[in-house]
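The values are calculated or read from the model by the stated rules, or taken from the named source; none is laboratory data. On a predicted model such as this, the values are computed, not experimentally measured, just so you know. In this analysis, Cβ positions are derived from the backbone assuming ideal geometry, glycine residues included, and neighbour counts consider all displayed protein chains. The protein model used for the area step is the full one, side chains on, heavy atoms only, and it has no ligands, DNA or RNA in it. Shrake-Rupley method; radii C 1.70, N 1.55, O 1.52, S 1.80 Å.
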Amino acid sequence: MPAANVEMAYDPDQDQEATRDLRKKYRETTQKFTENQDISTEDVAAALNQADTLFNEVRAINEATNDSALLVHISMFSAAKARAMKSGSGAFDVDDFVARLITYMGGRKPLTPVGDNEEEDTSEYDAGGAPLDWERIGRRALAKSKRVPVMDFMLGPLSIEQKKRNIGKRARLEKNKDDMKKPQEIREEDITRSENETTKNVATLERILNDLDGEAVNIFKFIINPHDFPQSVENLFYLSFLIRDGKCAFQIEEETGEPTIMLCQQPTQEDYADGLVKNQMVMEFDMHTWKRAIEVFNITEPMIPQRPKSETRIGSKWYG
């Protein structure tokens, strides 16, 4: 606990000799509580004052940790001293207190008169097995407390009826073998192998661009199918392979600012060796963009023909 007029500051470059001396003093003070249990209250107060003095020299984390450990020992030892503290000639006896409290509330006749500033009613001491007079002890408590009495409740029921657990026997499930179905057995020849759809569709897009004789076309007009959004997404996917392989060029028209594509000569290894660098781009294409492009570019028919939905036959069933 630092003094009020001491300004604490972190100083990692504190003198090593001062640091070692400070740690030594902390260890010696802490050992008094760990090695000797017969310490007087005056010694505890002196140790607390010494801890205050030592803390004024603390400038690093390790020494602050030692100070905290010392305060923990002092507080624990003080708490133990407080618990062992005696009042008068003997320690506090809980059983004797409860017995006198019952007597005061009229539970049984006392052996000796109970002192009270109020006028005593002798009938309260002769009650025998009568109910305890809680109001009387309550009036005495109210004289020492400013807390307003409030309503309270009893936590839990007065009696609990134990419920018996019904343990019933479960009937064994009998399976009818006639209702069992054997999983469909599929052989390799039952699976109709489909041709590589991606390669086929990429070649279709390349052929359509080749028919344009090198003329640039708006990328949205090329890939968008105004009647089918999923196929428009697929067309963009297939077009990305042509751009990746360098067979299709993507550029922005300077006059109109429209994104266009066109077939180009595929670069060779010599071109890359001469410094040609591939550039990557991520294009966002969602349903809102699809609808907006149809409206802006007045797309009514797809340039890429509508593809039928692919189906796969497994055994005797077809899956789309």
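Observations on the structure shown:
- Test: residue in segment 55-64 that is outside any helix (DSSP H, G or I) and of a type in the set (V, I, T): yes
- Among the residues of segment 240-266, those identified as more than 13 Å from V217 (Cα to Cα) and either within 48 Å of the chain's Cα centre (by Cα) or open to solvent by less than 40 Å² (accessible area, probe 1.4 Å) (or both) are S240, F241, L242, I243, R244, D245, G246.
- All positions within segment 42-55 that are closer than 13 Å to Y26 by Cβ and open to solvent by 30 Å² or more (accessible area, probe 1.4 Å): Q50, D52, T53, F55
- Test set (1) surrounded by 10 or more Cβ atoms within 10 Å (Cβ to Cβ); (2) assigned to a helix (DSSP H, G or I) - H288 fails condition number: (1)
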